[in-house]
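The values are calculated or read from the model by the stated rules, or taken from the named source; none is laboratory data. Everything quoted here is computed from the prediction, not taken from an experiment. Virtual Cβ from ideal backbone geometry, glycine too; neighbours counted across all protein chains shown. Heads up: the accessible areas ignore ligands, DNA and RNA and are worked out on the full protein's heavy atoms, side chains in. Shrake-Rupley method; radii C 1.70, N 1.55, O 1.52, S 1.80 Å.
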Amino acid sequence: MALPQTKLDATEERLSSLTLPEGGWSGAARKDALARLREYGLPGRRDEYWKYTRPDTLVQPGAPRAALFDPGEAPVFDSIDRLKIVFVDGVFDAGASDDLSLEGVTIERLAEAQSDLHWAQSLYGVLEVKGQDPVQRPLAALNTAYATDGVLIHVTGKPSRPISLIYHHRSESSDAILHHVIKLDAGAEATILENGPAAARFNKCMEVDIADNATLHHVRTQGRDHERRAATHIFARLGTESVFKSFTLTANGVLTRNECVIELTGDDAVAHVAGACVGDGDFHHDDTVFITHDAVNCESRQVFKKVLRNGATGVFQGKILVKPGAQKTDGYQISQSLLLDDDSQFLAKPELEIYADDVACSHGSTSGAIDEEALFYLRSRGVPEGEAVNLLTLAFLAEAVEEIEDETLSEEITARIEQWLIRHAG
Amino acid sequence: MLEIKNLHVKLEEEDKQILKGVDLSVEAGKVHAIMGPNGSGKSTLSYVLSGREGYEVTGGSAELLGEDLLDMEPEERAAAGLFLAFQYPVEIPGVGNMTFLRTALNAQRKARGQEEMNATDFLKLIRAKAKELKIDADMLKRPVNVGFSGGEKKRNEILQMAMLEPKMCILDETDSGLDVDAMKLVSEGVNALRDEGRGFLVITHYQRLLDHIKPDVVHIMSDGRIIKTGGPELALEVEQNGYADLLAEVA
């Protein structure tokens, strides 16, 4: 079907502000992605998949200005022994980054991997293409075509430290496009951390291939810059008995759309994707998740919790697709919002599509205020009202945070949320 | 200790007067019991004293150690030394029992200008108190009251009372939902807290609880007023004859 002229124009206008990198081995994938993007057109306000989130500022040619923000606290994960890879407004910062060698893993930069043949060739844009069906994700195609850098991580063993991607935002109008490819060999295990606002506008794509019996932990925080915008995609493919656990904390940010597309292709695989977000005022956060069960006895969990106040908006679009033959599927999906006032809103679209007859899938979505009974109970024991509200808010978010397996990391995340709540009390 | 004078209270939502002039004075070191039929206003009295929303005081006063209770927030009343053991303790998923109690204890200490209790001392204290109430370590770690049996919830109330060491304790139908053994355990917990400097107000339907927690004074409440006050024998009279005779006598 031909695209409407307005959409064609918008897409070409955006593309005219970008340059397609040459990119050796990735060149073909980039050209394909560009063709794909031209076929889809960039997201528009009338697209069903963008019904609750206006894509305008994510697709316009230049990044809307985003004021720099000094969080006034030590960056998250600072106390954790990790391998640091730093990007400033989407540009690799060699001086601030660690040496990229670590036992059990090879790490290269996308911009530097110039050979004609590369292991990442079998994944770059490949998982993204698979994730374009049945729902198109044009911003991911744009990313594959135009990504200026990123990291290619090949995990062959069990690296002793987490690999930490740190994204700084230092220019008010930066427009960053990064694309990471992560491949875990059979039996490998790694932890990937991400933190920081990255740019005024950040388009990030992460393709993850987890082979049989491999495990990937992913924990990210998206930076507290109030005016930053981000559209991110995770495309993950899981092999037999593999595990993928991803958690995202979003505090602030005028606009965030996090898409996560997971395909369970091997039996007994486990995928958990969780998110906690806290928004106050000019805040729009969208979690869009699509999990496909295409193997027997797999487990998937989607746990998304949102705390919203002063007109903040939360969106959840989550789907579990169980393909024919994916028996013994255990699918769970919960999306909840805690609305701290009457001005905030939560829009949820939970979906189940099941073509197998021996499955257990459940989903729930709720919106509510602080439990007055619990609040009075706490206060009657001497806990001041503000503190009691924070305690209950943390408790509300706990189910999502508990999806982080590593205790040090989950405590770090909890502490960050606690600080945010104290700053945004009342 | 607790001085209630001519207290009038109505429901905020509807124009319904619940308390119609309650006079009550609980001295330090004494246990007062309030008995009365359903709907007489016993629980309302406990809620109003602890500061629950939804009630409007239309007259009278309530003071704790000379301080105007009705003018305080619930947390201020707690810091001033008031404690209500709930008839239906609230479940709070996601908040650990231990975290809850430590937050409460330190909030009260802070409000009173005392130093906060450190984690080690707190742990020692709570373990000792929990042991007396046969509350195991697992119950301390679990979220507040979540999945607790009726008996466990009430024991948890008494544990909180023991930890917070209030001056004035109100027990709202603490016997409801308890079997004989649990009632004994809870009563022992309460009795252990009886002290020269502490007052108790025990609200109950039945004499049963008062066999274990022996009151000094018994009040009968009906239709928003205290209609009769006497010694422990008054509770026995109710047990034997019901409220009907008493009500008739006053009318």
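Worth a mention:
- Looking at the range B:153-251, the helices (runs of 4 or more DSSP H) lying wholly inside it that each contain 1 or more residues that are over 30 Å from B:GLN108 (Cβ atoms) and touching a helix residue (DSSP H, G or I) at 6+ places or on another chain (Cβ under 6 Å) sit at B:233-241.
- Selection status of A:THR408, more than 30 Å from A:THR215 (Cα to Cα), open to solvent by 60 Å² or more (accessible area, probe 1.4 Å) and more than 10 Å from every other protein chain (Cβ to nearest Cβ): no
- Among the residues of the range B:43-91, the ones that are at the interface with chain A (Cβ under 8 Å from one of its Cβ atoms), open to solvent by 20 Å² or more (accessible area, probe 1.4 Å) and touching a Lys or Arg at 6+ places or on another chain (Cβ under 6 Å) come to 1 in all.
- Of everything listed in (1) in contact (Cβ under 8 Å) with a residue 40 or more places away in the chain; (2) of a type outside the set (Ser, Thr, Tyr); (3) buried (at least 18 other Cβ atoms within 10 Å of the Cβ), the single unmet condition for A:VAL383 is (1).
- If you filter the range B:108-136 down to residues that are in a loop (DSSP other than H, G, I, E, B), free of Cβ contacts under 8 Å to residues at least 40 places away in the same chain and away from chain A (no Cβ under 14 Å), you find that the one that is farthest from B:VAL95 (Cα to Cα) is B:GLU115.
- The condition (being in contact with a Pro (Cβ under 6 Å, 6 or more places away or on another chain) and open to solvent by less than 30 Å² (accessible area, probe 1.4 Å)) is satisfied by just one residue among B:GLU173, B:GLU157: B:GLU157.
- Sub-7 Å Cβ pairs linking a first residue in the range B:137-156 that is in contact (Cβ under 8 Å) with a residue 12 or more places away in the chain and within 13 Å of chain A (Cβ to nearest Cβ) to a second residue that is open to solvent by 60 Å² or more (accessible area, probe 1.4 Å) and not acidic (Asp, Glu), at least 6 apart or interchain, are B:PRO143/B:PRO93; B:VAL146/B:PRO93, ordered by first then second residue.
- Scanning the range A:341-352 for residues that are open to solvent by 60 Å² or more (accessible area, probe 1.4 Å) and touching a Lys or Arg at 6+ places or on another chain (Cβ under 9 Å) gives A:ASP343, A:GLU351, A:LEU352.
Per-residue answers, yes or no, for (1) free of Cβ contacts under 8 Å to residues at least 60 places away in the same chain; (2) surrounded by fewer than 24 Cβ atoms within 10 Å (Cβ to Cβ):
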{"position": "A:ASP286", "(1), (2)": "no, yes"}
{"position": "A:ARG309", "(1), (2)": "no, yes"}
{"position": "A:LYS328", "(1), (2)": "yes, yes"}
{"position": "A:GLN333", "(1), (2)": "yes, no"}
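- Every condition in (1) within 8 Å of chain A (Cβ to nearest Cβ); (2) over 30 Å from B:LYS42 (Cα atoms); (3) in a helix (DSSP H, G or I); (4) not hydrophobic (A, V, I, L, M, F, W, C) is met by B:GLY94 except one, and the failing one is (3).
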